Each structure stands twice: as C-alpha cells, then as structure tokens.
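Everything on this sheet refers to the single structure shown next.
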Amino acid sequence: MVEPWFSAMSPPGVSVHASRMFLDNALTPESIIRMDQDEGMRAEHAFFAAAGLEVLSSACLGIKDAFKLAAPTLRDIHELALRAWKPGAEALLITCLNLWSQGVVERLETEFGVPVVTSTQATFWRLLRIAGIDDRIPQYGRLLAEH
C-alpha cells in the first residue's frame with residue numbers, strides 16, 4: 001500500500017522507487033498470526049521498553065493471510081485504534097506498512113488529542129528527511145505536517 005500513497009503524497013520533484021520482499025509460501029495462517037503477535041507485537045513492545053517508553057495497551061487485527069494485510073478498511077483501522085487506546089497515553093502508534101492507516105491519522109489525533117504515528121507515515125517522513133527534503137505535508141497528522 002505504501003507505493004501508491006508515497007507517490008501520491010510526494011512533494012514536487014520527488015519520485016518513489018520501491019521493491020518488495022515476498023513472504024515464503026510455507027507460511028500458514030497460524031504462523032502469520034504468531035509472527036504478528038511474537039515477532040511483531042512482542043518485538044515492538046521490547047523495543048519501546050528498551051527506549052524507556054511504556055506501552056499501555058495494544059491490539060491486532062488477527063489477519064491470517066499475508067495478502068489480506070492490505071484489506072482492512074479505514075473503519076477497521078479506526079476501530080483497531082479505538083480498541084488499543086487507553087486514556088492517559090501520550091501517543092498512539094499504528095504499525096504495518098501494508099495498512100491504509102494514513103487515512104485515519106488526523107481523525108484519531110482530533111479524537112484523542114495526542115500525536116498518532118503510523119508505519120507508513122513515519123517511513124515516508126524519514127525517507128524524505130534522508131533525501132534532504134523538508135517539505136511539510138498536511139492532512140496526514142502532526143508528524144508530516146509539522147516536523
């Protein structure tokens with residue numbers, strides 16, 4: 001999902017070139033769920049703990065087919081965020097580069113009153129900065145609009 005979004009949001013003069021890493025055909029629905037919960041969620045929690053950040057809550061979509069990772073609608077992603085949200089949190093993180101999560105960022109920031117960072121948004125922001133591009137991009141949250 002990132003390629004069309006990165007291309008559509010790119011500032012003038014910027015083009016996006018990408019390649020994909022395919023998942024092994026030996027993956028089973030159970031191994032994908034384990035990967036999401038063990039390699040993904042637990043690894044993310046450990047990463048944030050090592051950085052001194054506390055994870056208050058988390059939620060996952062429980063998708064069993066790698067090719068369906070791009071299937072959740074904006075409503076699905078919004079509901080996922082609502083399930084994961086805990087009052088008192090200082091931010092919300094939505095991971096997975098194959099989600100259209102950038103489409104709910106501003107709505108969630110308004111609802112929760114905190115920054116919302118997604119994998120797609122943060123990756124795009126970082127790639128632009130690595131390339132020396134400091135343009136601000138509105139409508140996709142504070143990270144792209146202000147930093």
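Among the residues of region 33-47, none qualifies, meaning not one is modelled with pLDDT of 95 or more, of a type in the set (D, E, K, R), out of contact with any helix residue (DSSP H, G or I) (no Cβ under 8 Å at 6 or more places or on another chain) and surrounded by 13 or more Cβ atoms within 10 Å (Cβ to Cβ).
Evaluation of Ala59 against the conditions (1) hydrophobic (A, V, I, L, M, F, W, C); (2) touching a Lys or Arg at 6+ places or on another chain (Cβ under 9 Å); (3) free of Cβ contacts under 8 Å to residues at least 24 places away in the same chain shows that the sole unmet condition is (3).
Residues that are modelled with pLDDT of 80 or more and under 15 Å from the mean Cα position of the chain (by Cα) within region 55-70 comprise Ser58, Ala59, Cys60, Leu61, Ala70, listed in sequence order.
All of (1) among the small types (Gly, Ala, Ser); (2) within 18 Å of the chain's Cα centre (by Cα); (3) modelled with pLDDT of 90 or more hold for Ala18 with one exception: (3).
Could you check region 85-141 and list, in sequence order, the residues that are part of a loop (DSSP other than H, G, I, E, B), in contact with a Gly (Cβ under 8 Å, 6 or more places away or on another chain) and either among the polar types (S, T, N, Q) or surrounded by fewer than 17 Cβ atoms within 10 Å (Cβ to Cβ) (or both)? Answer for region 85-141, where residues must be part of a loop (DSSP other than H, G, I, E, B), in contact with a Gly (Cβ under 8 Å, 6 or more places away or on another chain) and either among the polar types (S, T, N, Q) or surrounded by fewer than 17 Cβ atoms within 10 Å (Cβ to Cβ) (or both): just Thr95. Inspection of region 77-95 finds no residue satisfying the criterion of being among the aromatic types (Phe, Trp, Tyr) and under 21 Å from Phe6 (Cα atoms). When you scan region 89-102, do you find a residue that is without any contact (Cβ under 8 Å) to a residue 12 or more places away in the chain and not hydrophobic (A, V, I, L, M, F, W, C), even just one? No: region 89-102 contains no residue that is without any contact (Cβ under 8 Å) to a residue 12 or more places away in the chain and not hydrophobic (A, V, I, L, M, F, W, C).
The values are calculated or read from the model by the stated rules, or taken from the named source; none is laboratory data. Note that the coordinates shown come from a computational prediction; the quantities given were computed from them, not determined experimentally. Quick reminder, even Gly has a Cβ in these numbers, built from the backbone with ideal geometry, and neighbours come from all protein chains shown.
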